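A short reminder: the numbers here are calculations on the coordinates, not readings from a lab. Computed from a predicted structure; not experimentally measured. Note that each Cβ is placed from the backbone with ideal geometry, even for glycine, and that neighbours are counted across all protein chains shown.
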Amino acid sequence: MIRTFVLIFTLLLGLALLACRPTQLARSVIVTGASPGTVEISGFVFEPAEITVKAGDTITWTNGDAAAHTVAGKGWGSGNLNRGDKFSHRFDAVGAYDYTCAYHPGMKGKVTVK
Ligand SMILES: [Cu+2]
């Protein structure tokens, strides 16, 4: 009985994933994956707001909001990011990198490179 339920659930989940467009799939991967080099922009918040990586690591931001955002650091950053857009930046030098969104200065994030 439970096996049947699990089998049906798995099949439905598979069908749901197949029905998703690539942008939606990419978003769900970011949300569920606790990968250290990813930051989700959701609800006008960078999540996580503070992230620590090693020198040479690349961080990828994904905008999950309907509103457009940017990742704006001093001397580095993205252009306009619409929903589903991604921006990647490699941090080679140890240090602390504060950033914000050019459209919404209340959105703050910080990258620490060790
Ligand atoms: Cu913004």
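So if I place +1 on the C-beta of Lys and Arg and -1 on the C-beta of Asp and Glu, and nothing else carries charge, what would the dipole magnitude of region 35-113 be about its Cα centre? I want it in debye, nearest 20.
On the way: 7 positive and 8 negative charges, 26 e Å.
It works out to roughly 120 debye.
State, as an integer percentage, the relative contact order of region 35-113 based on alpha-carbon contacts under 8 Å between residues 6 or more apart. Don't jump to the answer; show the numbers that get you there.
Details: 182 pairs, mean separation 26.1, N = 79.
For region 35-113, the relative contact order is 33 percent.
How much of the DSSP bridge set in region 35-113 is antiparallel, in percent, rounded to the nearest 5? Working shown, then result.
Working: 18 of 26 bridges.
In region 35-113, approximately 70 percent of DSSP beta bridges are antiparallel ones.
For region 30-110, which trypsin sites (Lys or Arg not before Pro) are both in a DSSP coil and crowded by at most 13 other Cβ atoms within 10 Å?
On the way: sites: K54, K74, R83, K86, R90, K108, K110; in loops: K54, K74, R83.
Answer in residue order: K54, K74.
Tell me the net charge near A72. Cut-off is 11 Å between Cβ atoms, A72 excluded, with +1 for each Lys or Arg and -1 for each Asp or Glu.
Numbers: positive: K74, K108; negative: D98.
Summing Lys/Arg as +1 and Asp/Glu as -1 gives +1.
Add +1 for every Lys or Arg and -1 for every Asp or Glu among the other residues with Cβ under 15 Å from the Cβ of P105, and state the total.
Result for the local shell: +2.
How big is the C-alpha Rg of region 35-113 next to the rule-of-thumb value 2.2 N^0.38 Å, as a ratio?
Values: Rg = 11.3 Å, N = 79, 2.2 N^0.38 = 11.6 Å.
For region 35-113, the normalised Cα radius of gyration is 0.98.
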